[in-house]
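*Asks:* Can you read through this structure? Questions will come right after.
The values are calculated or read from the model by the stated rules, or taken from the named source; none is laboratory data. Predicted model, so just to flag it, every value in this text is computed and none were measured. Neighbour counts are summed over all protein chains in view; Cβ atoms, including those assigned to glycine, are modelled from backbone coordinates with ideal geometry. Side chains included, ligands, DNA and RNA excluded: accessible areas come from the protein's heavy atoms. Shrake-Rupley method; radii C 1.70, N 1.55, O 1.52, S 1.80 Å.
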Amino acid sequence: MRNLKKTIVLALVALMAVFGVFANGTAETPATEKGKTELVWAVWDIGSTAYYQPIIDAYEAKHPDVTIRMVDLGSADFMTALQTQLASGSSEFDVVTIKDIPGYNNLVKKNMIVNLNDYIAKDKIDTKQYGGTTEQISVNGNLYALPFRSDFWVVFYNKGLFDKAGIQYPTNDMTFAQYDALARKMTSGNGANKVYGCHYHTWRSCVQLFGILDGKHTIIQPPYDYLKPYYEMVLGEQNDGICQNYATLKASSIHYSGQFQNGSIAMMNMGSWYIATQIQKVAAGEADPSKSWGIVKYPHAEGVAPGSTLGTITSLSISQGSKKKDAAWDFVKFVTSPEGAAVVAKTGTIPAIMSNAVVDEIASMPGFPTDGNSKEALHVGKAYLEMPLSDKSGQIETVLNQVHDEIMTYNISVDDGLKKMGKEVQKILDTN
Amino acid sequence: MTAKKTEFKKNLVAYSFIAPNFIGFAIFTLVPMVFAFILAFLDWDGSPYNPMHFVGFKNFANLASDDQFLAAFKNTIVYTVETVPLTLIMALILAVLLNQKIKGRDFFRTVCFFPYVASMVAVAAVWNMLFNPGMGPVNEILRGFGVQNPPGWSADKDWAMTTIVQFSVWKYMGYYMILYLAGLQGINPELYEAANLDGCNGWQRFWNVTIPQLSATTFFVLVMLVIQCFKVYDVVYMITQAGPGTATLVMVYDIYNKAFVYSSFGSASAEAIVLFALVLIVTLIQFRGQRKTEA
């Protein structure tokens, strides 16, 4: 017994000694080159993202006394990794990229990112230039991030397949019924020659969010009866072999990019980030897709004006733990300004500030489709966020994903699935 | 006085020998564990900028009406109850077979052990391809044999858990086979000779000599397997991502979600403690059972 006590006391002493060492060793700002300020920027996928380096080059050219260092946290669970890093309180990050809304909401709740209102007021930044997106991410009138990329969803289509079938290309004002009919018309062949009329990646957004385009519903508010026609349309296409089977795609983790590029899909709904991927293919010398693909606006419900679509914004913020907040703000201000937008647009990526000049810039890039409809599709009507801001968005997202998975794999009927979705989301909304 | 001093010195030497291991254990295991026990009674979102609130047993009470937790609890039990006996029996059968003098014995032993050492990510990807509901070879073969509607495996609520269990048994039986092989080789051959003289047939020898002689190994295998099954995460993450719906959501998966997706460290810790209690109770029962059979 006495020995046990001794052991514990000794262990505690040892622990204190060890932690003492650590306590003295941290909290030092890393030394940089003489007179230069180094800002650390949290990003994902440095290797496959075209715009990081041009942005940094443009900023460093204007500010020779500042260097920007990127740290790649990987794309799969970027927001989780970022939260974990910032939780240490002594993280090295000054500027952080915000990838999705549930993650943004978490960082705001956890006080891990800085309220930018004072900076915005001081530098007289007009948030109207972001086309209304900042209203959707302000928390009680406070903005904790400014958007620099604003993606929206369009329908990509394979011109070669339409030409071969002798069928007219899709248009910028398709209704869902016309879209469904076109997909059915474009389906042909068997085995290796099979052409699918349309394609839905395994994300819930690809199906569920058709339902919010009429502006009458939000995805975080039950009841979900309004999703029924869209689930029925997609399941009907799946049953008839118009699109690939969800279970097959999911079990083999098939990426949409390869599916579209190998020419077995006539139409695919996907985010505008895929435009930059296609353009890069041309730059890399892989064939000439400018002749073989095009984009049109998202289909719309009967009685709703065409042009509404889903939006995803990528924004920048400043870490609460940063010791160089003012320098970090200067960089954020540059990237989210019209000047930064021009740099982003030059890589084929859609910046948060859209103007006719930006649309012209992207549409004139080698590799972008040359037809007028594709250029017109870059003009967005109303963009609804894929996930609106809410305290409970993380938990709601889990339920939406789970039930989507069950419906698409026929483990639950559409009616029962939507009922279950409504019941479980309501339960999350009711608890605090 | 001097006696006490020398004793203290002796102790100090002994402590210094265990110190390297103990310090590592204390920092990376003991402190987080104690912290988790405290967190279970707090409401905290994991942010160093936000305060912690003491909420008593509220986190535990909430679990009782938490659909995700209830599903995870049930699935974890089902997974354990199915995986443990299957793995144990398969490992024992393989060990007995590969303990005989057959041609290519070492080759087959390697083959059986291979899944255990192979990278989880790689073999899970292969498994997913084999059991792909649409175009996987397994279902093609089943269709070839005239099965009209082969199972949807990882995409079917009723088969997803079976898929996970199958994979786990296949992945881990090689390791436990090695343990059993060691046990088999430790059995005194004279016991078999004596059994032969008494006129035992092969089955009787297995039942009356091999099984009782392996009881210590079986006990060890059982304890390790049960603990391993209760804390399953990687297999589920790789094969079904807890789906379809919540069909294969297990407790560790839910704990991860609660802590890192919902930022609710209190309820995550509460669930972790429930898992800890579950493993503790089952292991205590096993030890008691072992003592009884020895007595």
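*Asks:* Can you tell me which of (1) more than 10 Å from every other protein chain (Cβ to nearest Cβ); (2) farther than 30 Å from B:Ala247 by Cα is the one B:Leu86 doesn't meet?
*Replies:* (2)
*Asks:* Further question: So which residues in the stretch A:96-126 are open to solvent by 30 Å² or more (accessible area, probe 1.4 Å) and either in a loop (DSSP other than H, G, I, E, B) or in contact with a strand residue (DSSP E or B) (Cβ under 8 Å, 6 or more places away or on another chain) (or both)?
*Replies:* Filtering the stretch A:96-126 down to residues open to solvent by 30 Å² or more (accessible area, probe 1.4 Å) leaves A:99-100, A:109, A:111, A:115, A:117-119, A:121-126.
A:Lys99, A:Asp100, A:Asn111, A:Asn115, A:Asn117, A:Asp123, A:Lys124, A:Ile125, A:Asp126, listed by residue number.
*Asks:* Right, something else. Please determine, by comparing only the residues of the stretch A:237-247 that are in a helix (DSSP H, G or I) and either within 24 Å of the chain's Cα centre (by Cα) or in contact (Cβ under 8 Å) with a residue 12 or more places away in the chain (or both), which one is farthest from the other protein chains (Cβ to nearest Cβ).
*Replies:* Here is the first cut: in the stretch A:237-247, the residues in a helix (DSSP H, G or I) are A:237-239, A:246-247.
Next, only the ones that are either within 24 Å of the chain's Cα centre (by Cα) or in contact (Cβ under 8 Å) with a residue 12 or more places away in the chain (or both) stay: A:237-238, A:246-247.
Numbers: A:Glu237: 15, A:Gln238: 11, A:Tyr246: 8, A:Ala247: 3 Å.
Per the stated criteria, the residue is A:Glu237.
*Asks:* What do you reckon, is A:Ser264 open to solvent by less than 30 Å² (accessible area, probe 1.4 Å), modelled with pLDDT under 95, within 14 Å of chain B (Cβ to nearest Cβ) and more than 30 Å from A:Lys427 (Cβ to Cβ)? Step through it out loud before you land on a result.
*Replies:* Values: open to solvent by less than 30 Å² (accessible area, probe 1.4 Å): yes; modelled with pLDDT under 95: yes; within 14 Å of chain B (Cβ to nearest Cβ): yes; more than 30 Å from A:Lys427 (Cβ to Cβ): yes.
Spelling it out, A:Ser264 is indeed open to solvent by less than 30 Å² (accessible area, probe 1.4 Å), modelled with pLDDT under 95, within 14 Å of chain B (Cβ to nearest Cβ) and more than 30 Å from A:Lys427 (Cβ to Cβ).
*Asks:* Could you list, in sequence order, all residues of the stretch A:326-374 that are charged (D, E, K, R) and within 21 Å of A:Gln129 (Cα to Cα)?
*Replies:* A:Asp330, A:Lys333, A:Glu339, A:Lys346, A:Asp360, A:Glu361 - these are the residues of the stretch A:326-374 that are charged (D, E, K, R) and within 21 Å of A:Gln129 (Cα to Cα).
*Asks:* Sort through A:Ser252, A:Ser272 and tell me the only one that's within 14 Å of chain B (Cβ to nearest Cβ), among the small types (Gly, Ala, Ser), surrounded by 15 or more Cβ atoms within 10 Å (Cβ to Cβ) and more than 20 Å from A:Leu161 (Cβ to Cβ).
*Replies:* Residue meeting the stated conditions: A:Ser252.
*Asks:* Using beta carbons and a limit of 7 Å, which pairs, at least six apart or on different chains, have the first residue in the stretch A:74-94 and within 11 Å of chain B (Cβ to nearest Cβ) and free of Cβ contacts under 8 Å to residues at least 24 places away in the same chain and the second one part of a loop (DSSP other than H, G, I, E, B) and open to solvent by 30 Å² or more (accessible area, probe 1.4 Å)?
*Replies:* Listed by first residue and then by second, the contacts come to A:Ala81/A:Leu73.
*Asks:* Taking B:Asn75 as the residue in question, decide whether it is in a helix (DSSP H, G or I), within 19 Å of the chain's Cα centre (by Cα), touching a residue at least 12 places away in the same chain (Cβ under 8 Å) and within 14 Å of another protein chain (Cβ to nearest Cβ).
*Replies:* On the way: in a helix (DSSP H, G or I): yes; within 19 Å of the chain's Cα centre (by Cα): yes; touching a residue at least 12 places away in the same chain (Cβ under 8 Å): yes; within 14 Å of another protein chain (Cβ to nearest Cβ): yes.
So B:Asn75 passes the test.
Let's see how each residue does on (1) in contact with a helix residue (DSSP H, G or I) (Cβ under 9 Å, 6 or more places away or on another chain); (2) farther than 24 Å from A:Leu86 by Cβ; (3) not β-branched (Val, Ile, Thr):
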| residue | (1), (2), (3) |
| --- | --- |
| B:Ile23 | yes, yes, no |
| B:Phe28 | no, no, yes |
| B:Pro32 | no, no, yes |
| B:Trp44 | yes, no, yes |
| B:Phe57 | yes, yes, yes |
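*Asks:* Something else: How do the helices (runs of 4 or more DSSP H) wholly within the stretch B:1-70 filter down when requiring 3 or more residues that are aromatic (Phe, Trp, Tyr): which remain? Explain how you work it out, then say what you get.
*Replies:* On the way: elements: B:2-25, B:31-39, B:58-63.
Correct list: B:2-25.
*Asks:* Open to solvent by 50 Å² or more (accessible area, probe 1.4 Å), within 14 Å of another protein chain (Cβ to nearest Cβ) and touching a residue at least 60 places away in the same chain (Cβ under 8 Å): which single residue out of B:Asp67, B:Asp45 fits that description? Full working, then the answer.
*Replies:* Numbers: B:Asp45 fails: open to solvent by 50 Å² or more (accessible area, probe 1.4 Å).
Sole residue among the options that is open to solvent by 50 Å² or more (accessible area, probe 1.4 Å), within 14 Å of another protein chain (Cβ to nearest Cβ) and touching a residue at least 60 places away in the same chain (Cβ under 8 Å): B:Asp67.
*Asks:* Also: Only one residue in A:Ile254, A:Ile220 is in contact with a helix residue (DSSP H, G or I) (Cβ under 7 Å, 6 or more places away or on another chain) and not in a helix (DSSP H, G or I), so which one is that? So that I can check it myself, show each step before the final result.
*Replies:* Working: A:Ile254 fails: in contact with a helix residue (DSSP H, G or I) (Cβ under 7 Å, 6 or more places away or on another chain).
A:Ile220 is the lone residue from the list that is in contact with a helix residue (DSSP H, G or I) (Cβ under 7 Å, 6 or more places away or on another chain) and not in a helix (DSSP H, G or I).
*Asks:* Tell me, which residue of the stretch B:119-155 that is closer than 17 Å to A:Asn239 by Cα and open to solvent by 40 Å² or more (accessible area, probe 1.4 Å) is modelled with the lowest pLDDT?
*Replies:* Top of the filtered list is B:Met135.
*Asks:* Something else: Please go through the stretch B:166-190 and pick out each residue that is open to solvent by 40 Å² or more (accessible area, probe 1.4 Å) and in contact (Cβ under 8 Å) with a residue 40 or more places away in the chain. Don't jump to the end; show me each part of the working.
*Replies:* Within the stretch B:166-190, the first condition is being open to solvent by 40 Å² or more (accessible area, probe 1.4 Å), and the residues that meet it are B:166, B:170, B:175, B:178-179, B:182, B:185-186, B:188-190.
Within the stretch B:166-190, B:Trp170, B:Tyr175, B:Ile178, B:Leu179, B:Gln185 qualify.
*Asks:* Can you pull out every residue in the stretch A:327-371 that is of a type in the set (Val, Ile, Thr), farther than 17 Å from A:Ala61 by Cβ and in contact (Cβ under 8 Å) with a residue 40 or more places away in the chain?
*Replies:* Of all residues in the stretch A:327-371, those of a type in the set (Val, Ile, Thr) come to A:332, A:335-336, A:343-344, A:347, A:349-350, A:353, A:358-359, A:362, A:370.
Keeping just the survivors that are farther than 17 Å from A:Ala61 by Cβ gives A:332, A:336, A:349-350, A:353, A:358-359, A:362, A:370.
Correct list: A:Val332, A:Thr336, A:Thr349, A:Ile350, A:Ile353, A:Ile362, A:Thr370.
*Asks:* Has the stretch B:78-100 got any residue that is of a type in the set (Ser, Thr, Tyr) and part of a loop (DSSP other than H, G, I, E, B)?
*Replies:* So the first thing to find is which residues in the stretch B:78-100 are of a type in the set (Ser, Thr, Tyr), and the list is B:79-80, B:83, B:87.
From what is left, the residues that are part of a loop (DSSP other than H, G, I, E, B) are none.
Within the stretch B:78-100, not a single residue is of a type in the set (Ser, Thr, Tyr) and part of a loop (DSSP other than H, G, I, E, B).
*Asks:* Residue check, A:Ser188 against (1) within 14 Å of another protein chain (Cβ to nearest Cβ); (2) surrounded by fewer than 21 Cβ atoms within 10 Å (Cβ to Cβ); (3) over 27 Å from B:Ser264 (Cα atoms), all met but one. Which one?
*Replies:* Just one mismatch for A:Ser188, condition (1).
*Asks:* While we're here: Here are the criteria: (1) open to solvent by 20 Å² or more (accessible area, probe 1.4 Å); (2) in a loop (DSSP other than H, G, I, E, B). Tell me which single one A:Phe93 does not satisfy.
*Replies:* Going through the list (1) open to solvent by 20 Å² or more (accessible area, probe 1.4 Å); (2) in a loop (DSSP other than H, G, I, E, B), A:Phe93 breaks only (1).
*Asks:* On the basis of being out of contact with any Gly (no Cβ under 7 Å at 6 or more places or on another chain), outside any strand (DSSP E or B) and either of a type in the set (Gly, Ala, Ser) or surrounded by fewer than 19 Cβ atoms within 10 Å (Cβ to Cβ) (or both), does A:Gln208 make the cut? Working first, answer last.
*Replies:* Numbers: out of contact with any Gly (no Cβ under 7 Å at 6 or more places or on another chain): yes; outside any strand (DSSP E or B): yes; either of a type in the set (Gly, Ala, Ser) or surrounded by fewer than 19 Cβ atoms within 10 Å (Cβ to Cβ) (or both): no.
So A:Gln208 fails the test.
*Asks:* Residues in the stretch A:257-267 that are more than 23 Å from B:Ala155 (Cα to Cα) and part of a helix (DSSP H, G or I): how many?
*Replies:* Matching residues across the stretch A:257-267 total 2.
Rundown of residues vs (1) free of Cβ contacts under 8 Å to residues at least 60 places away in the same chain; (2) at the interface with chain B (Cβ under 10 Å from one of its Cβ atoms), yes/no style:
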site: A:Asn373; (1), (2): no, no
site: A:Glu376; (1), (2): no, no
site: A:Lys382; (1), (2): no, no
site: A:Ser390; (1), (2): no, no
site: A:Thr398; (1), (2): yes, yes
site: A:Gln402; (1), (2): yes, yes
site: A:Thr409; (1), (2): no, yes
site: A:Gly422; (1), (2): no, no
site: A:Asp430; (1), (2): yes, no
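*Asks:* Another question, then. Could you list, in sequence order, the residues of the stretch A:411-420 that are within 13 Å of chain B (Cβ to nearest Cβ) and touching a residue at least 40 places away in the same chain (Cβ under 8 Å)? Full working, then the answer.
*Replies:* Of the stretch A:411-420, the ones within 13 Å of chain B (Cβ to nearest Cβ) are A:411-413, A:416-417, A:420.
A:Gly417 - this is the single residue of the stretch A:411-420 that is within 13 Å of chain B (Cβ to nearest Cβ) and touching a residue at least 40 places away in the same chain (Cβ under 8 Å).
*Asks:* Select from the stretch B:48-64 the residues that are loosely packed, with under 14 Cβ neighbours inside 10 Å and under 29 Å from B:Ala247 (Cβ atoms) and list them in ascending order.
*Replies:* B:Ala61, B:Ala64 - these are the residues of the stretch B:48-64 that are loosely packed, with under 14 Cβ neighbours inside 10 Å and under 29 Å from B:Ala247 (Cβ atoms).
*Asks:* Could I ask something else about it? Pairs please, first residue from the stretch B:212-231 and hydroxyl-bearing (Ser, Thr, Tyr), second anywhere and part of a helix (DSSP H, G or I) and open to solvent by less than 40 Å² (accessible area, probe 1.4 Å), Cβ atoms under 7 Å, 6+ apart in sequence or on different chains.
*Replies:* B:Thr217/B:Tyr180; B:Thr217/B:Gly183
*Asks:* Next question, about the same structure. Restricting the first residue to the stretch A:204-216 and requiring it to be closer than 11 Å to A:Val304 by Cα, which pairs with a second residue that is open to solvent by less than 10 Å² (accessible area, probe 1.4 Å) meet a Cβ separation below 8 Å and a spacing of at least six or different chains?
*Replies:* A:Leu213/A:Tyr298; A:Leu213/A:Thr309; A:Leu213/A:Leu310
*Asks:* Further, regarding this structure: Condition first: in contact with a Leu (Cβ under 8 Å, 6 or more places away or on another chain) and either open to solvent by 50 Å² or more (accessible area, probe 1.4 Å) or assigned to a helix (DSSP H, G or I) (or both). Now tell me which residues in the stretch A:334-353 satisfy that.
*Replies:* Hit for the stretch A:334-353 is A:Val335, nothing else.
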